[in-house]
Amino acid sequence: MLHIDHGGDGPVIVLVHAFPLDSGMFDRLVPLLTPHARVVTVDLPGLGGSNVPATTPSMDDIADRGFRTLDALGVETAVVLGISTGGYVALQMAARAPDRISALVLGSTTPHRVEPDERRAVADEIDRLRSTAPVAGSADEGLGETAHERRPDLVDALRRTIADADPDGVAWIARAIADRVDTSDALRKYPGPVLLIFGAEDEATPPSRGQEMQKLRGDAPTRLVVLPKTGHLTPLESPEPFAAELIELLELMGRL
């Protein structure tokens with residue numbers, strides 16, 4: 001799993017992107033964070049600059065690759081931030097080795113297993129067509145109404161990213177998503193702080209999902225933030241308020 005160490009001082013933050021995109025979705029966020037933390041972005045297996053694995057697609061496999069990334073960086077613990085599918089990865093890492101995660105930041109995601117049959121069908125269609133066309137609509141669905149109106153350049157960039165993606169890699173990740181298990185118990189038991197960030201304009205994963213996750217956490221340290229005029233891809237659409245919430249979390253962690 002390809003990673004890029006963007007440098008910076010302070011705690012390590014690993015940013016895990018959404019499907020079927022790559023780490024480029026964090027380009028607007030990274031420079032806002034590097035004055036406060038050492039920022040690392042990853043490309044999920046088969047996406048961006050990462051090769052398509054020869055292994056059977058699974059979230060366990062991806063989580064293990066995440067820990068190997070930490071090992072390669074010489075990092076014992078890190079804040080793991082995942083958006084959408086990246087949130088699935090972050091939760092799977094928390095299920096496997098919570099002691100290596102100093103905080104969880106989960107955006108536009110859910111611990112529940114969602115639509116596995118549909119994910120497998122998409123993967124099969126990608127294989128049949130040898131094209132990422134079956135997921136091309138993700139570019140438009142990922143952005144909220146405000147971004148569509150004010151930032152058409154973001155829509156165009158997402159469309160290019162998906163069109164340029166390796167169909168084999170997109171199909172591999174789709175099957176890994178279909179294979180994932182419910183991680184509600186991992187979220188409930190995770191002992192560290194959790195920051196939940198959702199977009200008010202997100203129809204695919206609405207803020208009500210965040211409310212469910214907050215309730216699941218009970219009295220454990222958890223904060224839910226809903227960003228206005230923002231859709232599914234919160235750090236891409238609203239990088240400044242997203243960064244502000246994350247920096248506040250880092251400051252709080254320093255006082256714990």
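Can you tell me which residue within region 211-245, out of those that are free of Cβ contacts under 8 Å to residues at least 24 places away in the same chain and within 23 Å of residue 13 (Cα to Cα), is surrounded by the fewest Cβ atoms within 10 Å (Cβ to Cβ)?
244
Being outside any loop (DSSP other than H, G, I, E, B), out of contact with any Pro (no Cβ under 7 Å at 6 or more places or on another chain) and either within 16 Å of residue 87 (Cα to Cα) or touching a residue at least 60 places away in the same chain (Cβ under 8 Å) (or both) is the filter here; which residues of region 26-48 pass it?
33, 40, 41, 42
Here is a check on your reading of the model: is residue 128 of a type outside the set (Val, Ile, Thr) and surrounded by 15 or more Cβ atoms within 10 Å (Cβ to Cβ)?
On the way: of a type outside the set (Val, Ile, Thr): yes; surrounded by 15 or more Cβ atoms within 10 Å (Cβ to Cβ): no.
So residue 128 fails the test.
What pairs come up if the first residue lies in region 110-122 and is within 24 Å of residue 95 (Cα to Cα), the second is assigned to a helix (DSSP H, G or I) and among the hydroxyl-bearing types (Ser, Thr, Tyr), and their beta carbons are under 7 Å apart, counting only those six or more places apart or on different chains?
111/184; 112/184
In contact with a helix residue (DSSP H, G or I) (Cβ under 8 Å, 6 or more places away or on another chain), over 20 Å from residue 180 (Cα atoms) and surrounded by 15 or more Cβ atoms within 10 Å (Cβ to Cβ): which single residue out of 103, 165, 123 fits that description? If you could, list the steps in order and put the result at the bottom.
Working: 165 fails: in contact with a helix residue (DSSP H, G or I) (Cβ under 8 Å, 6 or more places away or on another chain); 123 fails: over 20 Å from residue 180 (Cα atoms).
The unique qualifying residue is 103.
Please list, ordered by first then second residue, the pairs with beta carbon atoms under 8 Å, 6 or more apart or interchain, first in region 188-207 and surrounded by 20 or more Cβ atoms within 10 Å (Cβ to Cβ) and outside any loop (DSSP other than H, G, I, E, B), second of a type in the set (Asp, Glu) and modelled with pLDDT of 95 or more.
Between residues of region 188-207 that are surrounded by 20 or more Cβ atoms within 10 Å (Cβ to Cβ) and outside any loop (DSSP other than H, G, I, E, B) and residues that are of a type in the set (Asp, Glu) and modelled with pLDDT of 95 or more, the close pairs are 195/245; 197/245; 199/237.
Suppose we filter region 107-164 for residues that are charged (D, E, K, R) and under 19 Å from residue 175 (Cα atoms); how many remain?
Here is the first cut: in region 107-164, the residues charged (D, E, K, R) are 113, 115, 117-120, 124-125, 127-128, 130, 140-141, 145, 149-151, 153, 156, 159-160, 164.
Right, trim to under 19 Å from residue 175 (Cα atoms) and you get 113, 115, 117-120, 124-125, 127-128, 130.
Matching residues across region 107-164 total 11.
More than 17 Å from residue 245 (Cβ to Cβ) and either at pLDDT 95 or above or in a helix (DSSP H, G or I) (or both): does that describe residue 185? Spell out the reasoning first.
Numbers: more than 17 Å from residue 245 (Cβ to Cβ): yes; either at pLDDT 95 or above or in a helix (DSSP H, G or I) (or both): yes.
So residue 185 passes the test.
Select from region 135-146 the residues that are surrounded by 14 or more Cβ atoms within 10 Å (Cβ to Cβ) and within 19 Å of the chain's Cα centre (by Cα) and list them in ascending order. Break it down stepwise before answering.
Step one: list which residues in region 135-146 are surrounded by 14 or more Cβ atoms within 10 Å (Cβ to Cβ), which gives 135-136, 138-139, 141-144, 146.
Answer for region 135-146, where residues must be surrounded by 14 or more Cβ atoms within 10 Å (Cβ to Cβ) and within 19 Å of the chain's Cα centre (by Cα): 135, 136, 138, 139, 141, 142, 143, 144.
The values are calculated or read from the model by the stated rules, or taken from the named source; none is laboratory data. Every value quoted in this text rests on a predicted model; they were computed, and no experiment measured them. All Cβ positions, glycine included, derive from the backbone under ideal geometry; neighbour counts span all protein chains shown.
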